[in-house]
Structures are given as structure tokens and as C-alpha cells.
1. Arrange Ser96, Ser136 by Cβ neighbour counts within 10 Å, fewest through most, would you?
2. Based on the alpha carbon coordinates of segment 222-283, what radius of gyration and maximum Cα-Cα distance (Dmax) apply, in Å?
3. Give me the extension gain from Lys211 to Asp284: residue separation times 0.36 nm, minus the current Cα-Cα distance, reported in nm with one decimal.
4. Quick check on the exposure proxy: order Leu116, Leu279 from fewest to most C-beta atoms within 10 angstrom.
5. Among Ala210, Leu222, Asn172, whose Cα lies farthest out toward the positive end of the dipole of segment 158-222, if unit charges sit on the beta carbon of Lys, Arg (+1) and Asp, Glu (-1)?
6. Extension gain Phe271-Asp63, at 0.36 nm per residue separation less the Cα-Cα distance, in nm?
7. What ranking do His8, His286, His64, His127 get, fewest neighbouring Cβ atoms within 10 angstrom at the top?
8. For segment 158-222, what mean projected area does the convex hull of the alpha carbons give, in nm²?
Amino acid sequence: MATELLTHAKTGVIQMGWPKLYEAVAFKGNKDDDKSAKKDDKKKNESTPVYGFPVLLDKDDPDHMRTVRILQKLSKNAEANAIALKKWGKKDRIVSNDGLKDADEDEILDGDKTVLMTDKYPNRANHFYVNFSRSSKAGRPGIRYIDDEGILRELPEPILGTKEDIQAAQANLNDARAAYATADEDAREEAKTLVLEATRNLEEAQERDAKAKEVKVLWDKLVYPGQNVQASVTARAWKTQTGSGVSYRLDNLTIVGGGVRDGSFEYDEDFTDEDIEALIAWRDKHVNAKPSKADDEAALLADTDFDEADSDDEVDEDTGEIAVKPRRKAAVSRRRPKPVEVEDDDVDEDEDEDEDEEEAPRHRPKKTSSWGRRKPAPVEVEDDDVDDEDYPDMF
């Protein structure tokens, strides 16, 4: 029996595409096909969940082309082994579908027609395309990473299903509390024990969820499209009723680090010093230039007419506030004015209306006997006895 050719090897340093490593993902069939399929046939449109990621290998990058040659050699060995083991016929090699695609030459399906890969995916021009995958039945590939200190560490296994665990634990606790509330005296002790146990289970589920979030943060930091990695893969020849081909199973993965997230841009590339200066100028014009409450008060004071005596008002040099001193009208005498003689025939009730008052109906008191033809004798008032409150209109 011929010696089996090598089908397992390591790639060079490559950049990982969109990864499916934290959790296996199943490939679903075409949505239109899925809608038209019978319920019993829908499972056929969904494959087994897999781990993995795609890779683009630049034809102008010597390191990438080294990986291309490694994969091409593994593919030929896998085909030769399949023929030697009589899993393939010679015709299968001719019509086989290789998992390593030349995007500029190989065709793929686009709906019902066949097109060049670059016609459907222009970003793959001048590249080879390959997908590294691993069935979830085989388990997650081994993944380790090199930390900032150059130490190789194992990436912790993701902790999945914590949300559902918390919901279930909370429901059990609610049930246990309800049972305790309705339990009779004989069953109360046992019901209390169930409540305590359900409480502990909920606390453990919450602790597990907190740990899962810590692990997810580390994964998000290290596993992303564009990250530098080195993979070990195995080329595998397969054959079905519809055809034959070679795929590349992902065995293990080392995260090198230092990659640039696909689709991301550095801050300094987007915002230059000139951009920041322009933003500051915009803020000063549109935000900082808005009048403040103090500005409004100052404007109000500036538009208000004051007597010449206002020059004595004190101005706070720090705040700009004006302390207006209360003052009396200078032209008003402190003596009570003498009554003015008014003839009865000349008295018009409307003449006593203040011209500045609003024109509205108002009840006027009837004349009293104090209105006579004779002028009442004026009462002399000493200056010291005048109270401002008695004559508010005078001051």
C-alpha cells in the first residue's frame, strides 16, 4: 500500500476574515428556497454548525503566496490519497471543486448564473480566497494567543447560555417562593429549604454570567476580522452525489496580535489637527457665543432709562452687577398738598381716570358729603410725622 501523502500543515501569518469561532454557526439555505420548502425538508437547507473563518491571500504579498503554495500542495496530496484509497476515480480529480479559489479566474454561482468571483465580490480581485472550517461535531479548534509580554496563553472557552440559565433560575425561585407562601405549617420547613436552594442556584447563574462577560471581552479584544493569525489545516477530499472537491479543515489557531480590524480606521487618520481647530472655532461661534443670563440682565439694564441720580449706583467690578439704590422722587414735597376746590357742576367722574390705566369698566364710589363747596381748612403736618406708607404715590 502506498504511503499516504501529507495533507496537514501550517500556514504562514495570514489575516483572519469574519470569524465564527466564539460560537459555531450553521449555514442556512437560500431564503427563497427555504420559503418554498416543505416543513420536513427545511432541515435539509441548514447545514451542521461550523467554526472557522475565510481568508484573502494577496497575490502581491510573498508571505501570502507561500501559504497559497502550501495549500495547493496539500490539495494535490489529498486528491492523490483519495484516488489511491479508491474513494475517488480519476474523473473526480478533473471535475473536483477546490476550496482554494483564484478570484480572478474561478467562477461561482450568483443566483441561477455562473460568474467570476471578482464580478460578485470586487474586493477579492488579485487575491486567492479560501475558507477554513471545522464541524461543531469535531469541537472547537484549539486557540491560543501571544500576549503583550510574549507569553503564549490559551484563550478561555466561551461560556454560553447564561442568559437562559438566569431566566430559568429566576423562574424556579419565583415558584419556590409561591409554594412557601401557601405551604401549611408541616410543609413550610421543606418549602423554605427549596427557596434557599433556588436562591443559591440563581446566585450561581449570575456569577457564571459575570464570568462569561469577562471571557467575551477578551474574545472581542483578540478575535476579529483583520487579526494576524497562523493556522494549522488539513486538506480533505470529499465526494457526494452532486460532485467532489477538497476542503480545508481548521485544526488549531495561534493569534499573533497586532492586526487592524477590517473596516476600522485610526482616529488620527480621520481627525487631523486642522479638523480639531475648525471644530473649536465652530463651537466658539455657535455654542460659547450664546448669551448667558448675565448678558441678558446687562442688556436689560443698558436699555432702561434712569435719572441722573443713577450715576450713584454701585457697580460690582467682578460680576458686572449693578446695585440700584432706592430713591424717592425729587420733585415731591413732603407736605400734604392743599385740596383743590372743585365745583359740583364741573366734576366729571371720568376725569379722575388715569390715562395710563387699562380701559375697563370699574365701579366708582358715590360722592360723600366731604365734597362740599367750601374749602376745608388745611391741616398742618410736621415733617417728622409723615409716613411713607400713608402716601405711597408721593415717594
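1. Least crowded to most crowded, the residues run Ser136, Ser96.
2. For segment 222-283, the Cα-based Rg and Dmax read 22.2, 69 Å.
3. The Lys211-Asp284 span can extend by a further 21.7 nm.
4. In order of increasing Cβ crowding within 10 Å: Leu279, Leu116.
5. Value: Leu222.
6. 71.6 nm
7. So the ranking, lowest neighbour count to highest, is His286, His8, His64, His127.
8. With every direction weighted equally, the projected area is 4.1 nm².
Read the figures in this text as sums done on the coordinates, not as results from a lab. Source: prediction; values computed, not measured. Using ideal geometry, Cβ is built from the backbone for each residue, glycine included, and neighbour counts are taken over all protein chains shown.
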